[in-house]
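*Asks:* This is the structure I want to talk about, given as structure tokens.
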Amino acid sequence: MKPKTRQTILVVAMVFIGFFCVKQYLPMIQIPTAKRVTQKRHELESLQMDLMVAKKTYQDQVNDIQAMQSLAGPFWIPSSPSAKVDQEISAEFNRITRLAQLSTAANSQKIDIAREKNGSSFQEVTLSVDFKNVSMRDLTRFFTQMRTSPKGEKFRWEYCKINPDNPRTPTAANMSARFKILVLNNDAMAFLGLTDAPVAERNAASRSRKN
């Protein structure tokens, strides 16, 4: 084959390959014309507006959930769906009395858990306590600790009676008290998004203190 013929064949082959490449990849190459730039700018502005609307919708939903969770502040939130609430309530009350520097030997406790009513979102727990031979200073510390404790508001006072240990020559006091604690059930916790109970409870208590 003559060199000139060979060159002609190569040129034709290169033209064919070039034509194929242009046809294959040219649609992928977008020349930034003024019309195309304007179109892309409008698309980006539309996406930006959609993003702003989505953010606002999300924030509104978060605010609604937080507002609902703040309503759970006065209720007892179990640490888990299978938690024994009587033990948790007793442990918290013992913590409060310990911080108030009241001896555990000076008080007795009785916890009653009422049966959950049909259609109710909570169950009632009654805590009855008796303090024997304690000073008024001890009781003052106890009242203060109940008021300032993060979970103190969950103990609703139902009854309280304070008497001197001896009517004639009093040296100390005796106190009988009864508290009612409303414990959210699992359905109410799920509805309020409180499945992560410890975190949600801290958030609800924090918002309640701010209010």
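*Asks:* Would you please name the residue that is farthest from residue 88 (Cα to Cα), looking only at residues in the stretch 115-150 that are in a strand (DSSP E or B) and aromatic (Phe, Trp, Tyr)?
*Replies:* My answer is 131.
*Asks:* Another question, if that's okay. Hey, does the stretch 151-163 have a residue that's assigned to a strand (DSSP E or B), over 35 Å from the mean Cα position of the chain (by Cα) and at pLDDT below 90?
*Replies:* Keep residues of the stretch 151-163 that are assigned to a strand (DSSP E or B), which gives 156-163.
So of that shortlist, the ones also over 35 Å from the mean Cα position of the chain (by Cα) come out as 161-163.
Within this subset, residues satisfying the condition of being at pLDDT below 90 are none.
The answer is no, given that none of the residues of the stretch 151-163 is assigned to a strand (DSSP E or B), over 35 Å from the mean Cα position of the chain (by Cα) and at pLDDT below 90.
*Asks:* Can you tell me which residue in the stretch 62-85 is farthest from residue 112 (Cα to Cα), limited to those that are crowded, with 16+ Cβ neighbours inside 10 Å and not hydroxyl-bearing (Ser, Thr, Tyr)?
*Replies:* Going residue by residue through the stretch 62-85, those that are crowded, with 16+ Cβ neighbours inside 10 Å are 69-70, 72-73, 75-78, 85.
Remaining after also requiring not hydroxyl-bearing (Ser, Thr, Tyr): 69, 72-73, 75-78, 85.
Working: 69: 27, 72: 22, 73: 22, 75: 17, 76: 15, 77: 17, 78: 16, 85: 11 Å.
Across the stretch 62-85, the extreme among qualifying residues is 69.
*Asks:* Any residue that is at pLDDT 85 or above, surrounded by fewer than 13 Cβ atoms within 10 Å (Cβ to Cβ) and under 30 Å from residue 134 (Cβ atoms) - is there at least one of those in the stretch 200-211?
*Replies:* no
*Asks:* Can you say whether residue 124 is within 23 Å of the chain's Cα centre (by Cα) and free of Cβ contacts under 8 Å to residues at least 60 places away in the same chain, as far as the supplied structure shows?
*Replies:* yes
*Asks:* Which residue pairs have Cβ atoms under 8 Å apart, sit 6 or more places apart or on different chains, and have a first residue in the stretch 149-167 that is without any contact (Cβ under 8 Å) to a residue 60 or more places away in the chain and a second that is in a loop (DSSP other than H, G, I, E, B) and open to solvent by 70 Å² or more (accessible area, probe 1.4 Å)?
*Replies:* Filtered contacts from the stretch 149-167: 164/170; 165/171.
The values are calculated or read from the model by the stated rules, or taken from the named source; none is laboratory data. Worth saying up front: this structure is predicted, and the values here are computed from it rather than measured. Here the Cβ is made from the backbone with ideal geometry for all residues, glycine too, and neighbour counts use every protein chain on show. Surface accessibility is based on the protein's heavy atoms, side chains included, excluding ligands, DNA and RNA. Shrake-Rupley method; radii C 1.70, N 1.55, O 1.52, S 1.80 Å.
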